[in-house]
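Inspection log for the structure reproduced underneath, given as structure tokens.
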Amino acid sequence: MAPRVLIAGGYGLVGGTIGRLIRSVSPEAELVLAGRHPEKGISLANELGARRAYLDLGDSGSIAGLASVDLIVSALYDPANALVSAALTKGIAHIGITTKSDDVAPIVFEALRSPPKRPIVLLGYGMAGAAMHVAAASAQCFHRVDRIEVTGLFDRRDPVGPMTATDAEVLVSRALLRDGGNWLWVDGLRHPRRAQLSGADTLEGYPASLLDVPSLAALTGAANVRFDLAQGDSLGTQQGRAASSDVYIDIAGFHNTGEARRQRTILTDPKGLVHLTAVGVLIAAERVVGLDGKSPAEGGLYLPETLVAPAAAVKRLEDFGVHIEFKGERTGRDDENRPSRLQTPVFA
């Protein structure tokens, strides 16, 4: 039977792009575009062959009246976790892309109290998990990772929609860092990091409360992890094309060869941030409802890295035109000072 997918905020810039990508891989999927003003989604619904539905997170009646679907993709803020609660109650899968680090606890407690019958995916990562998947794949050539520094570069010329435009301030105002093995909640504006990015002057980035930070720390054992947001000219703009969405992933540690190494990976989506985010959502959605040709994922609470292996995610990103470039810099051998206990990354 064709999967039935409801996109909350489905006719917005991000939600609409998610809908188009799902339609591109599944012509038979039943799509429902939901929001407070469904009349605004008439044109998109006609384009996608989708239905429209009224949905107001402040109106319990509209949530209770949702048609039976297989998956809810929440492309809007859900501060009371109303859609997650409805998904748990009704046995519907759920993917939430706006869940920040300090929003996780209530969802975890509710999921422990009422074990999910379908997947509940926490996707409050940079670019909906795209950056994390590439960072995880990049780290696999290290036998010990000491530091991971991710920089998401935002270009003013890249249209992102009103929700994403205000998101950066919220993410930076209370940021999560791993510093020397300690977890710190900080005012991001007071903890900037200067980064030299390709073809640009040194830019100042500010840490954010994205789930990439605890995820990459758990995956690699790195004692220092941060995800910074910076603003400047993207690679696309520098090359005279449309603004791109660029992510710089810098990893330091000891390579599998035994050498101390710093490695940079550059992820670029020439179609911009909205498209890259939508591809991140699609990678999770394909696995949740079985659009990847496999049986749908079993019920449970998932992170993107426990849902899809890094190599498979990287391939899917490349399938949709995302460019990934791996660079490495050797800094010497560690034959004499190699630790007796190696921190070996564990991956999905």
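Annotations for the structure displayed:
- Residue in region 90-113 that is of a type in the set (Val, Ile, Thr) and within 22 Å of Gln263 (Cα to Cα) present: no
Rundown of residues vs (1) at pLDDT below 95; (2) in the same structural domain as Val69 (by TED's automatic domain parsing); (3) assigned to a strand (DSSP E or B), yes/no style:
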site: Arg262; (1), (2), (3): yes, no, yes
site: Leu282; (1), (2), (3): no, yes, no
site: Leu317; (1), (2), (3): no, no, no
site: Glu329; (1), (2), (3): yes, no, yes
site: Arg338; (1), (2), (3): yes, no, no
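- Selection of region 93-103 for residues being over 18 Å from Thr277 (Cβ atoms) and either in contact with a strand residue (DSSP E or B) (Cβ under 6 Å, 6 or more places away or on another chain) or without any contact (Cβ under 8 Å) to a residue 12 or more places away in the chain (or both) yields only Ala93.
- Residue check, Arg241 of a type in the set (Lys, Arg) and part of a strand (DSSP E or B): no
- Elements of type helices (runs of 4 or more DSSP H) contained in region 79-184, each with 2 or more residues being in the same structural domain as Gln196 (by TED's automatic domain parsing) and either modelled with pLDDT of 95 or more or touching a Ser or Thr at 6+ places or on another chain (Cβ under 6 Å) (or both): 130-139
- The number of residues in region 218-252 being free of Cβ contacts under 8 Å to residues at least 40 places away in the same chain and crowded, with 21+ Cβ neighbours inside 10 Å comes to 1.
- Failed item in (1) in contact (Cβ under 8 Å) with a residue 40 or more places away in the chain; (2) polar (S, T, N, Q); (3) surrounded by 14 or more Cβ atoms within 10 Å (Cβ to Cβ), with Ser85 passing the rest: (1)
- The condition (being under 29 Å from Gly10 (Cα atoms) and surrounded by fewer than 23 Cβ atoms within 10 Å (Cβ to Cβ)) is satisfied by just one residue among Glu149, Glu169: Glu169.
- In region 21-39, residue farthest from Leu71 (Cα to Cα) [restricted to those that are crowded, with 18+ Cβ neighbours inside 10 Å and touching a Gly at 6+ places or on another chain (Cβ under 8 Å)]: Gly35
- Evaluation of Gly299 against the conditions (1) within 19 Å of the chain's Cα centre (by Cα); (2) at pLDDT 95 or above shows that the sole unmet condition is (1).
- Any chance Asp56 is of a type in the set (D, E, K, R) and part of a loop (DSSP other than H, G, I, E, B): yes
The values are calculated or read from the model by the stated rules, or taken from the named source; none is laboratory data. Quantities reported herein were computed from a predicted structural model and do not represent experimental measurements. Methodologically, a virtual Cβ is constructed for each residue, glycine included, from the backbone with ideal geometry; neighbour enumeration extends over all protein chains shown.
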